[in-house]
Amino acid sequence: MPNALGINALQFVIAPEPTTRRPSKGRRGRKPRAPRAPREKRKVTDPLEAMLREWRANEAKKSRIPAFRVMNDRTLLGIVTARPTGESELLDVSGIGPGLLGKYGKAILAIVSASR
């Protein structure tokens, strides 16, 4: 039915615009990454490092978390290098704070003293 201007309202039904596909957010159009060389595992030569790694693995298994969440390698190697005898020396190791000291401090110090 025409309106006051004489235009039929049904003629102006706007059709939806055709959808265009947006490019994915993946790696399309980029250069492929170069393959990484496989990492070589460090050989553990220090008995203290081996004992700390074993302790860390057991703690991680008990807590059902990855071993690096208990203590990362850099902190573990810092303990091996410093060989702390007390809590204040253990706090000087990078990565050891009051939380880790409270949670694992006695066990770490026991392992260090047992390795002497």
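A simple rule links phi to the HN-Hα coupling: the Karplus curve 6.51 cos²θ - 1.76 cosθ + 1.60 with θ = phi - 60°, which for region 93-108 gives 6, 4, x, 9, x, x, x, 5, 4, x, 7, 10, x, 5, 5, 5 Hz, with x for Gly and Pro. In a fully extended conformation the segment linking I65 and K43 would gain 5.5 nm over its present Cα-Cα distance, using 0.36 nm per residue. Each of the peptides 98-110, 67-79 was scored by the mean count of other Cβ atoms within 10 Å over its residues; in descending order, highest first, they stand as 67-79, 98-110. Scattering from region 47-114 was approximated by placing one identical point on each alpha carbon and applying the Debye formula without solvent; log10 I(q)/I(0) at 0.12 1/Å stands at -0.25.
Just so you know, all these numbers are worked out from the coordinates, no wet-lab data involved. Worth saying up front: this structure is predicted, and the values here are computed from it rather than measured. Please note: Cβ atoms are built from the backbone with ideal geometry, for glycine as well, and neighbour counts cover all protein chains shown.
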